[in-house]
1. From A:Val425, A:Val359, A:Val355, A:Val380, which residue is exposed (fewer than 15 other Cβ atoms within 10 Å of the Cβ) and not small (Gly, Ala, Ser)?
2. Test of understanding: among A:Asp43, A:Asp28, which residue is open to solvent by less than 60 Å² (accessible area, probe 1.4 Å) and not polar (S, T, N, Q)?
3. Which of (1) surrounded by 14 or more Cβ atoms within 10 Å (Cβ to Cβ); (2) in a loop (DSSP other than H, G, I, E, B); (3) more than 11 Å from every other protein chain (Cβ to nearest Cβ); (4) of a type outside the set (S, T, N, Q) does B:Val65 not meet, given it meets every other one?
4. Show the residue pairs meeting these rules: Cβ distance below 7 Å; 6+ apart or different chains; first residue within the stretch A:330-346 and free of Cβ contacts under 8 Å to residues at least 40 places away in the same chain; second residue among the hydrophobic types (A, V, I, L, M, F, W, C) and open to solvent by 10 Å² or more (accessible area, probe 1.4 Å).
5. May I ask you to list the residues in the stretch A:198-257 that are within 14 Å of chain B (Cβ to nearest Cβ) and of a type in the set (S, T, N, Q)?
6. Quick one: count up the residues across the stretch A:6-25 that are open to solvent by 40 Å² or more (accessible area, probe 1.4 Å), under 24 Å from A:Tyr250 (Cβ atoms) and away from chain B (no Cβ under 14 Å).
7. Working carefully through the options B:Ser87, B:Ser57, find the one that is of a type in the set (S, T, N, Q), surrounded by 14 or more Cβ atoms within 10 Å (Cβ to Cβ) and either touching a residue at least 40 places away in the same chain (Cβ under 8 Å) or within 29 Å of A:Val186 (Cα to Cα) (or both).
8. Can you name the condition, by its number, that B:Glu76 falls short on among (1) open to solvent by 30 Å² or more (accessible area, probe 1.4 Å); (2) within 27 Å of A:Asn183 (Cα to Cα); (3) out of contact with any Pro (no Cβ under 8 Å at 6 or more places or on another chain)?
Amino acid sequence: MVKKTIHEINGKIRDGSVNVVTAEEMVDIVGELGAEGAAKEVDVVTTGTFGAMCSSGVWLNFGHSEPPIRISKMWLNDVEAYSGVAAVDAYIGATQQSQSKGMDYGGAHVIEDLVRGNSIDIHGISPGTDCYPRKVIDTTINIYDLNQAIMLNPRNSYQKYNAATNSTNHTLHTYMGALLPHNGNVTYSGAGVLSPMHNDPNYETIGTGTRIFLGGTQGYVVGEGTQHSPAAGFGTLMLKGDLKEMSPEYIRAATFKGYGSSLYVGMGIPIPVLNEDIAKATAVTDDDIVTNVLDYGIPSRDRPVLRTVTYGELRSGSIDINGKEVPTSPMSSFKKSREIANELKQWIRNGEFFVSMPVERLPRDTACNAMKQTNANPHVMDIMSSDVTTIREDAGFHDAAKVIMEKQFNHLPVVDSGNHLVGIVTAWDISKAVAKDEHNLVKDIMTRKVVTANPDEAVDVSAFKLDSNNVSALPVIDSNRHVVGIVTSDDISKLLARRH
Amino acid sequence: MMIKINIAANIVTKPILAESILETGALLNISQAHFDPTRGEVVAEITSDQFRKIKDSLVSKGAEVLVLDTPISRDEEECVECGACISVCPVKVFSFADDWGLEVDSDKCIQCGTCIKMCPHNALTLGH
């Protein structure tokens, strides 16, 4: 049994005899020499990842103004930072969006601007106190004017992440990028073979205090990240590092259309090979790491799993979903992940970076629980009208007009001969047909792309659909596309009126 | 060559595309089309010898015709080579090289702009 200590490995780093390889290179080494042979040969395995890490942010200390102010609310380039901490400290989060530019500029962009040395406009307000009399501060600073700019990311470096696809008939814009209709593409995140936590799945060397590569400089693992869920393979890390030392090569703002801003963070963890078990773990391959393909078309916490998939399959460029070959896209950069693993390798070889043991192990039994919701969460079936009349697509538009007049509602779902929903006709469509003096069938004047609801969908989801699609009613359908009800903006207004 | 035809609200309901095709006999290969009550936008391919006559015909009917002569371009500084653009491109302009760098075959580009909306780093632009 091979047994090495951190002190021995650091001694080798100091005298230049250390043998460092990347996690990608380690796969072949373990394949050739076996775990024991590899453990004898290799001292450190480096990992790396570079992808969107929304849960990122920076603690800033601005120093005191004259006269002093205790800032209660503040904005950096019009992006709100949390400043309810003492007087002149604030935390800027990556996903907070600009009040004036919206999704195009957010906290992540402020962080990248700081890293690049660009000037940032500051606006702060305060109620004023005897000890902090100032009520407003406006100034322009850059990163060098700050006392501290400490990156502290509450949840980074997910061990692995779910892959995303979309079964609906319209494009979804998500933090996993654009998901095309009818499972038209699959996106995924994570560095697979180079994934830091997957190369030490038992967290033997990664824990509180572990020295890491973060944003182009040395950083540290603070401890487990929020939502750390090791049993499910979804461990996370809380990380810290000095933003002043970081590089725009590895800290990059991103904007996901329809979602907002996020921060691409480059991080890598060295795994000291202390024994053959660790050597074996670092030989993990893309084919060994399994994740789920989730249907993001279902706007629920419990998105359906369409299938399981390995990172090897995802990285091949396409996967099979229900008999269809679907192209895959990574959202994180494998090329940059590789650069990070290689840069960290070089630092260690050059004697510029020493490995460390954690001062505390990460928990291995915590779970990520759902939010406890004490208020009732109404579903579509609770407020929909089940008394819904439909019309056949081959009916005349006069028949549709008659039904709408008799039943006194504005929306008439249209069905085919098998009673499946195929369209919707509104009083407006009929007015239009009358105005144009065109005597058409219902199928000629109906809207074919109908936005629908499910009976067990939360009302909030329906309200979002009504708003984002600019429609005023959603036919409620079952799994066979049979119409079982209709929910209108009026129903939701009434619900809200009852609530207040 | 690729062209973009903009059709304003006042003529969006008229079949000017069909009229121009019949009138000129030009074979317009439509790759993208978007119509709503406020405007129409069509991206199409046309041979260069047929371009002038279909342009004149469409313009005489009130449309605007732009030549899309600059396909997708990538800002290498902004691009982190994640590959998010790969799966949304309908004509496979983007792919990974052996070293996992991003390769862009802009000759294939039909200038639909889907990849621009996908790119998290705003690294992609269309020339027009």
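The values are calculated or read from the model by the stated rules, or taken from the named source; none is laboratory data. Just so it is clear, the structure is predicted and the values come from calculations on it, not from any experiment. Counting neighbours? That spans all protein chains shown, and the Cβs are built from the backbone with ideal geometry, glycine included. With ligands, DNA and RNA removed, areas are computed over all heavy atoms of the protein, side chains included. Shrake-Rupley method; radii C 1.70, N 1.55, O 1.52, S 1.80 Å.
1. Values: A:Val425 fails: exposed (fewer than 15 other Cβ atoms within 10 Å of the Cβ); A:Val355 fails: exposed (fewer than 15 other Cβ atoms within 10 Å of the Cβ); A:Val380 fails: exposed (fewer than 15 other Cβ atoms within 10 Å of the Cβ).
Exactly one residue qualifies, and that residue is A:Val359.
2. When all the criteria are applied, what remains is A:Asp43.
3. All conditions are met except number (2).
4. A:Lys335/B:Trp100
5. At the first step, the residues of the stretch A:198-257 found to be within 14 Å of chain B (Cβ to nearest Cβ) are A:215-216, A:247-257.
Listed by number, the residues that qualify are A:Ser247, A:Thr255.
6. At the first step, the residues of the stretch A:6-25 found to be open to solvent by 40 Å² or more (accessible area, probe 1.4 Å) are A:7-8, A:12, A:14-17, A:19, A:24-25.
Imposing the further condition that a residue be under 24 Å from A:Tyr250 (Cβ atoms) reduces the set to A:24-25.
So of that shortlist, the ones also away from chain B (no Cβ under 14 Å) come out as A:25.
Matching residues across the stretch A:6-25 total 1.
7. Numbers: B:Ser57 fails: either touching a residue at least 40 places away in the same chain (Cβ under 8 Å) or within 29 Å of A:Val186 (Cα to Cα) (or both).
Only one candidate qualifies: B:Ser87.
8. Tallying (1) open to solvent by 30 Å² or more (accessible area, probe 1.4 Å); (2) within 27 Å of A:Asn183 (Cα to Cα); (3) out of contact with any Pro (no Cβ under 8 Å at 6 or more places or on another chain), B:Glu76 fails exactly one: (2).
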